[in-house]
Amino acid sequence: MKKLFLLIVGAALLSACSQKFQVKGTLTGGDPEATVYLEHVGITNIDVVDSARLAKDGSFRFKAERPEYPDLYRLRVGNRSILLAVDSTETIGVTADLSNVLDAQFENSPESEAILALRRSLRDNSLADHKAFAIKQMLVDPGSIVAYYAAMQFKGSEPVFSLTDKEDLKYLRAVATSWQVWKPECDRTKVLCRQVLDQMKDNRIQENNAAMAAFIAENENTFLDVNLPDENGDSIALSSLRGKVILLDFCSTEIEGYKDYLFSMRDRYNKYHAKGLEVYQVYPDQNRLLWEDQVRELPWTTVRTQNGLVDPVYSLYNVQTIPTIYLINRKGEVMGRYIGFANLNEGIEALL
């Protein structure tokens, strides 16, 4: 029984030790017996994990709790620092002359070597040449801490890869996607994904606004009429609603969440119809009987194209996705385009 107890205790101690990583080595070329710090390089903060005084020969050793996910640490003496990539319960060896930390040498840490190569590249090359090198590193394994570091590098106060540059965004998105797949709960994943998704959303808004501005400019003071059959087979022209504020909705019964979409549309119709809003909904549905059954009880105008999505009405209004909503003022002028309901109420109220 005593032997079993000792075995259990030994296993527990071994397990506890295995949750640590070690950094050891020699740092020369600095002040004798200077203090070396092991620091965690977080997303926004750098925190001291441990510190020690260098031995006379420059040697040092640290042991710390291993991170849950691959992470960045650094050794710092004064204003000189060496970045470390820590990925497991490993022992990383570091040998460096503090007068030139970018010539540091590592044992058992190819990721730290790759990060050091990125730092040297940024120092020695033009921004364009460095980006080409960094992209190669990112594409080797987009889910690695090396790819993350490459994506997040700065030259001075400016990021090497800018979220606002569409070409750069492709590579940032590749890294974010890979981290989301393999490390979804990591804080670095969450921040990077949020940044990328927010920028993609901004890009879509900008593209939509530019397309809308061009569309309005091309069709200024022109009523782009539509004349299609409703559920009873009667042709209803969009121009028949002139004098009202028109919500022109290119929709389909086959979109995801169609019933919820109708509820949202009905809420707006009920709120604004008495003030002068009319809804004219265009459907591309091929199954006429099913479509008629779906729309017959709706209180607004619903029409259906005869040729589905290839009908000329979609190119007339430059419809790229369904649903797409246009707002038309009382003069028949297109005043806005909306993908979904965001900011739609404000647009309606501005025209009523």
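Across all directions, the shadow cast by the convex hull of the stretch 222-351 built on its C-alpha atoms averages 7.2 square nanometres.
Residue separation of Arg266 and Asp97 scaled by 0.36 nm, minus their Cα-Cα distance, works out to 53.7 nm of gained length. Residue-wise HN-Hα couplings along the stretch 266-281, as the Karplus relation 6.51 cos²θ - 1.76 cosθ + 1.60 with θ = phi - 60° gives them from phi, are 5, 4, 6, 4, 5, 6, 10, 4, 5, 8, x, 8, 10, 10, 10, 9 Hz; Gly and Pro carry x. If you model the chain as an ellipsoid using its alpha carbon gyration tensor, with each semi-axis the square root of five times an eigenvalue, the axes come out at 63, 25, 16 Å, biggest first. Between amide H atoms placed 1.01 Å from N, distances below 5 Å from Thr253 occur with Asp285, all of them 5 or more places distant or on a separate chain. Label-to-label distance, Ser240 versus Thr177, with points set 7 angstrom from Cα along the beta-carbon direction: 4.7 nm. Here's how it looks for Arg66: its modeled amide H is under 5 Å from those of Lys20, Phe21, which are all 5 or more places away or on a different chain. Here the 3J(HN,Hα) profile of the stretch 43-49, calculated from phi with Karplus coefficients 6.51, -1.76 and 1.60 at θ = phi - 60°, is 5, 10, 10, 10, 10, 6, 9 Hz, Gly and Pro shown as x. Sorted on the mean count of surrounding Cβ atoms within 10 Å across their residues, most packed first, peptides 124-133, 83-92 read 83-92, 124-133. Under a 5 Å amide H cut-off, with hydrogens placed 1.01 Å from N, Gly25 pairs with Phe60, Val94 among residues at least 5 apart or on other chains. Sorting Val94, Val146, Val319 from the fewest to the most surrounding beta carbons within 10 angstrom yields Val319, Val94, Val146. Segment Asn345..Glu185, full-extension length gain: 54.0 nm, with 0.36 nm per residue of separation and the alpha-carbon distance subtracted. Across the stretch 271-289, no residue has a backbone nitrogen under 11 Å from the label position 7 Å along the beta-carbon direction of Leu316.
Couplings 3J(HN,Hα) of the stretch 140-152, computed from phi: 4, 7, x, x, 8, 5, 5, 4, 4, 4, 4, 5, 9 Hz, in residue order, whole Hz [Karplus 6.51 cos²θ - 1.76 cosθ + 1.60, θ = phi - 60°; x for Gly and Pro].
Each value in this text was obtained by applying a stated rule to the coordinates, not by laboratory testing. Just so it is clear, the structure is predicted and the values come from calculations on it, not from any experiment. Quick reminder, even Gly has a Cβ in these numbers, built from the backbone with ideal geometry, and neighbours come from all protein chains shown.
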